[in-house]
Amino acid sequence: MNTATTAAPRDQQQLTRLMFLKLMPLLIAAYVLSFLDRTNIALAKHQLDVDLGISAAAYGLGAGLFFLTYALSEVPSNLIMHKVGARFWIARIMVTWGLISAAMAFVQGETSFYVLRLLLGVAEAGLFPGVMLYLTYWFDRQQRARATAYFLLGVCLANIIGGPLGATLMKLDGVLGWHGWQWMFMLEGLPAVFFAWVVWRRLPDRPSQAPWLSAEEAQAIEQRLAHEADEGAGQGGHSFKQCFTPQILLAIFVYFCHQITVYTVIFFLPSIISKYGNLSLMSVGLLTSLPWIAAALGAITLPRLASDPQRARRLLVCGLLVMSLGLLIAAFSEPLFSLLGFCVAALMFFVVQSIIFLYPASRLKGAALAGGLGFVNSCGLLGGFVGPSVMGAIELSTGDAMSGLKVIALVLLVAALAAWRLRQGHEDQRGDCAAGAGRSLRNPA
């Protein structure tokens, strides 16, 4: 029940600021924990090899297997959230992934490593597309790219603190007879279980259930967003078949290429940096955080430039080109400039990702939007399987992970060409109106 009063009615700018303040810290914190738990194996890569005999190729496969079950579970997870509400479903996701991530402390070899990574994918499935759906309940097109970018700060923060935190926890090696990586998995997994209670208590499902909005404010927000969804999606937007239209398939392809890049950097950057010289584990962790600081700066400052469809498309294409350039600098340079190249690429990671999801969200609505966002994320995240798996195979066959970066840079160039063809749903509507007006002028009644 809403308890906010309307003694001093708030304008749209004030309401938007309030929604950012009330919602985004919770969502960002959840995503920080999510990424810590899915990517902390990067710091444990060497120790898993030494202690359990898990090779680079097996590590790459295990890192990627997470995304297979994650992708297969995305659509049903998002459809369930559409029915039961975000508050319950996000809390459920956090409890299950936290317990399974903590169970990584009990890995015995390649088989148990693979099984737990597959289970972690099932448990965590639905968080990202669920939040993408959730944001459509609160923010309009103009604000959604910025809201998405703020949410993606969770990835940056997780990777900024993940290296030093993981290195610190791994110093517990030998305590109670456990290896350092076992402590890391356990102590980074359990906080997600406890934070699920906070999400359950504090996250409203929709504006009409937010105690800090008046009934009139909540109704106005929901009506405005419903009108915007109808305008963009048109009559066909309720059909899941819309997910197989050329524009959404094109968005999936661009996202697939993007995810290949992001997860390759996430899972292999620590091991690449460790080869720069005689560095301690803490030094590797601190240097690994630098590209993610750049990614955070990009996410905070740049997505607001995507204020209309044309600017969004230009920013998307430029972002992909900058990512490609950064990886090429990293692949061909000495350590200092190589790290700078990773920073250049990372600057645009979440600028690009925050814009990509504007395209399916502008063409779908209702249950089709819920399933469609899950479908887009599922297909795109297969890049999270392909990238680490290919990088692991290339490193094993050539002894040089940088060769894989050159291949991915070329993939990003293709993605940039594809991104130039993307159009948001309301652009089609305006195009149809303009074409109709032109025909009327040429053929007056």
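Descriptive notes on the structure:
- Annotation: peptides 52-63, 144-155, ranked by per-residue average of other Cβ atoms within 10 Å with the highest first, follow the order 144-155, 52-63.
- Proximal lysines to K365, defined as alpha-carbon separation beneath 17 angstrom and excluding residues fewer than eight positions away on the same chain: K83, K241
- Set of aspartates and glutamates with alpha-carbon distance to K171 below 16 Å, sequence-local pairs under 8 removed: D51, E188
- Difference of contour (0.36 nm per residue) and Cα-Cα distance, F337 to L187: 50.6 nm
- Top of L21, L422, L369 by mean-square fluctuation, Gaussian network on the chain, Cα under 10 Å: L21
- Pairwise FRET efficiency - L279 versus K241, Cβ, R0 = 41 Å, nearest 0.05: 0.20
- Summed over qualifying helices (DSSP H, 4 residues or more, each -39500 (n - 2.57)) and divided by its residue number, the chain shows a 222 nm mean residue ellipticity of -27000 deg cm²/dmol.
- Mean-position separation - Cα centroids, the range 322-396 and the range 167-212, in angstrom: 25
- In degrees, nearest ten, helix 335-347 long axis to first principal axis of the chain (Cα): 30
- Theoretical FRET efficiency, 1/(1+(r/R0)^6), r = Cβ-Cβ of Q14 and D308, R0 22 Å, to 0.05: 0.45
- C-alpha long axis of helix 56-84 to longest principal axis of the chain, angle in °: 30
- Using C-alpha pairs below 8 Å separated by at least 6 residues, the relative contact order for the chain is 26 percent.
- Net charge of neighbours whose Cβ lies under 10 Å from the Cβ of D140, counting Lys and Arg as +1 and Asp and Glu as -1: +2
- Highest-fluctuation residue, A251, A215, A409 considered, GNM on the chain with Cα pairs under 10 Å: A215
- The phi torsions of the range 156-171, fed into the Karplus equation with coefficients 6.51, -1.76 and 1.60 and a -60° offset, translate into couplings of 4, 4, 4, 7, 6, 8, x, x, x, 5, x, 4, 5, 5, 6, 6 Hz, rounded to whole numbers, with Gly and Pro shown as x.
- In degrees, nearest ten, helix 425-442 long axis to first principal axis of the chain (Cα): 40
- Within-15-Å neighbourhood charge of V50 [Cβ basis; K, R +1; D, E -1]: -3
- Structure-derived semi-axes √(5λ) of the Cα gyration tensor in Å - corresponding label in (1) 38, 26, 19; (2) 38, 27, 23; (3) 33, 24, 22: (1)
- Stretch gain in nm, segment D230-V198, where the contour uses 0.36 nm per residue and the Cα spacing is subtracted: 8.2 nm
- As a rough guide to protection, the peptides 67-80, 308-321 ranked by mean Cβ packing within 10 Å, highest first, stand as 67-80, 308-321.
- Point-charge dipole on Cβ atoms (K/R +1, D/E -1) for the chain, about Cα centre, debye to 20: 960
Just so you know, all these numbers are worked out from the coordinates, no wet-lab data involved. All values reported here derive from a predicted model rather than from experimental measurement. Note: ideal-geometry Cβ built from the backbone for every residue, glycine included; neighbour counts use all protein chains shown.
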